[in-house]
Amino acid sequence: MQPAVPRRRFLSSAAAGWASTAALTAAAELGRARTVSIFHTTDLHGRILPTSTYEGLDDVGGLARCATCIRQWRKESPHSITVDVGDVVQGTPVSSRRGGQLMIELFNRLGYDAWTLGNHDFDWGPEKLETLLAHSTAPVLTANITRGDAVPGNFAGAWQAVKPWTVREVGGFRIGLVGLITPGLPFWLSPETLGGTAPLDPLAVLARAVAEVRGERVDAVVVMGHMGWRFNDDYANPVRTLLKDVKGVDVYLAGHSHQNQPSWMMNGVLCSQASYHGIHCGRIDLTFDLDTRKLVDRKAFTLLMDDRFAPDPMVLDLARNDLQAADADLARQVATVARLIPGKGRGSGLANLLCACLAGALERRKVAVDGVFHGTFGSGDLHPGPLTVADCWRIIPYENMLVTAEVTAAELLQIVAEDAEVRDSDRTLWPFEVVAGADGKPAHLRLQGAEVPAAKRLTIAFNSYDAQSGGRRLMRTRGILSAPDAKRRTTPVDTRSALIDGLLDRGTVS
């Protein structure tokens, strides 16, 4: 049962709704109303073709279906804007083939008016991101980042594409668009991967950006924030705080948290989030009174991109060569699994195989390590039979680089103990044996049966995400690896390529 709503507040809300509806109806009857629509996608992650939801619903989503929906909507609402709220390129072989350029080419051809940087758009390093920025015909709206002393609007080179805000005139009305990125960047991405980019406090930046764009005599302000819906704000998604403290925002388009939240109100701001992977496409309708120019109505909804929407022919045609090449690569066999390899829990066969492949990739580059600390991302068992590149994408869905650091055995025990508190983690310290004390906590390390002295320094490999804190779950680890004595180094080895090369070397795994 929902809590009772105070009668005074109920009447006030109802009166506000009736007033809005009455104003809209009156304007429409007099021919004085005009609706400007905003079509939005987010967290596409390189998905072009239909995919599956996290819950297992198949044959939904993909940019090709969103494009069909957007074309239909444009016919219904000729005064429109199309935007994306970030995490555009990372996530599929077809997008990664040319460093994400295919997705930006599709945005250009589909006439996107703006897009926002997401955290995963940095995953492939600054050079590839700069190439994407240079190819984008639409402005890339991200107000709360800095590069050295420069801020958006003052960047040089390809970064000139990144602006804090822009104004689009549509149907005679001026719509201000402001972009933001999650402040969680440094807890996931290494300084080398970020290439000198750092996030700024989104609250202070948004207040300034809204004031600036309001100064341009806009009729509405829309914030595109790669920060999304949560039950409660967290370090990466401070949406409630933003919309409570910053005035003058009419619409907030959310991303990052992979939620389908078609419409909710927060502190007088209409909010909407269109899930992920193009599984939903979102639409905002802003209705203005043509005489007074006042915004008299706001509506938001999302639509499931199921088989009602055929994939857009232009998208398929432009992506055809990349799709075919990606399919061929995914089908390539890299090894044969001789017998079932368990993939569940710390020290599983899959975890040990993965760590051994990562160590081998570093060794081929003349980087010697004593061990690897890595998990399996919950990909499950490997069953007997052929193992393909597609399986390697399932085992390692992210593009993380390998980081090496020198730590003492005592510090390594602290790292293992911290991870032991992380729910559902199966990170494995290979090839060591972790011995628990009487309290059940990690107390000693053994290697080949011999105890490792607490003061002994060891070179250990981590993936770059875990080294940065694993999303603030490994803050003690971050501190240990950041110490000068650790001599932390980001290598040019990415974990998926290391796995593929290691399996090719083995041929048969068991």
Local charge sum around VAL162 (other residues, Cβ-Cβ under 14 Å, Lys/Arg +1, Asp/Glu -1)?
0
Total formal charge among the other residues, if their Cβ is under 11 angstrom from that of LEU387, Lys/Arg +1 and Asp/Glu -1:
+2
Regarding the stretch 153-278, what is the average projected area of its C-alpha convex hull, in nm²?
8.8 nm²
Phi angles of the stretch 387-393, converted by Karplus (6.51 cos²θ - 1.76 cosθ + 1.60, θ = phi - 60°) into ³J(HN,Hα) in whole Hz with x for Gly and Pro, give 10, 10, 4, 4, 5, 5, 5
Considering the options GLN448, ASN463, ALA438, tell which one lies farthest towards the positive end of the dipole of the stretch 432-474, charges being +1 on Lys and Arg and -1 on Asp and Glu at the Cβ, about the Cα centre.
ASN463
I need the Kirkwood Rh of the stretch 50-171: take the reciprocal of the average 1/r across all distinct C-alpha pairs and report it in angstrom.
15.7 Å
Can you tell me the dipole magnitude for the chain around its Cα centre, using point charges on the Cβ only (Lys, Arg +1; Asp, Glu -1), in Debye to the nearest 20?
840 debye
For the stretch 31-326, the count of lysine pairs 8 or more apart or interchain whose alpha-carbon atoms are under 28 Å apart comes to 11
Under Karplus coefficients 6.51, -1.76 and 1.60, residue-wise ³J(HN,Hα) of the stretch 251-258 in Hz, glycine/proline x
9, 10, 9, 9, x, 6, 8, 6
Along the dipole axis of the stretch 31-326 (charges at Cβ: +1 for Lys and Arg, -1 for Asp and Glu; origin at the Cα centre), the most positive-end residue among ALA204, LEU57, TYR235 is ALA204
Residues whose placed amide H lies under 5 Å from that of VAL170, excluding near-sequence neighbours
ILE175
Kindly put HIS383, HIS258, HIS277 in sequence by how many other C-beta atoms sit within 10 Å of each C-beta, fewest to most.
HIS383, HIS258, HIS277
Other residues with Cβ under 10 Å from the Cβ of MET401 give, with Lys and Arg +1 and Asp and Glu -1, a net charge of -4
If one compares the long axis through the Cα atoms of helix 63-76 with the longest principal axis of the Cα atoms of the chain, the angle in degrees, nearest 10, works out at 0 degrees
Over 22 Å, how big is the tail of the calculated P(r) for the stretch 417-500, in percent of all Cα pairs?
34 percent
A correct fewest-to-most ranking of HIS40, HIS79 by other Cβ atoms within 10 Å would be HIS79, HIS40
What does the helix-only formula give at 222 nm for the chain: each DSSP H stretch with n ≥ 4 adding -39500 (n - 2.57), the total divided by the residues, and the result rounded to the nearest 500 deg cm²/dmol?
-9500 deg cm²/dmol
Among the lysines, select those whose C-alpha is under 20 Å from the C-alpha of LYS366, and discard any that sit fewer than 8 residues away in the same chain.
LYS487
Taking the beta-carbon count within 10 Å as an exposure proxy, list TYR54, TYR112, TYR398 from fewest neighbours to most.
TYR54, TYR398, TYR112
What are the radius of gyration and Dmax of the stretch 257-413, computed over its Cα atoms and given in Å?
24.2, 75
For log10 I(q)/I(0) by the Debye sum over Cα atoms at q = 0.05, 0.09, 0.10, 0.12 Å⁻¹, the choices are (1) -0.23, -0.70, -0.84, -1.13; (2) -0.27, -0.69, -0.79, -1.02; (3) -0.28, -0.77, -0.90, -1.12; which was calculated from the structure?
(1)
Just report the Cα centroid separation between the stretch 368-423 and the stretch 203-258, whole Å.
36 Å
Pair-distance profile P(r), taking every C-alpha pair of the stretch 31-326, with 5 angstrom steps and integer %:
1, 6, 13, 18, 20, 17, 14, 8, 3, 1, 0, 0
Rounded to whole Å, give me the distance from the Cα center of the stretch 178-199 to that of the stretch 281-310.
31 Å
Given the alpha-carbon gyration tensor of the stretch 332-509, what are the semi-axes of its equivalent ellipsoid in whole angstrom, ordered largest first, with each equal to the square root of 5 times an eigenvalue?
26, 18, 15
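Coordinate-derived values only; no laboratory data. Given the structure is predicted, the values throughout are model-derived calculations rather than measurements. Here Cβ is always computed from backbone atoms with ideal geometry, including for glycine, and neighbour counts include all displayed protein chains.
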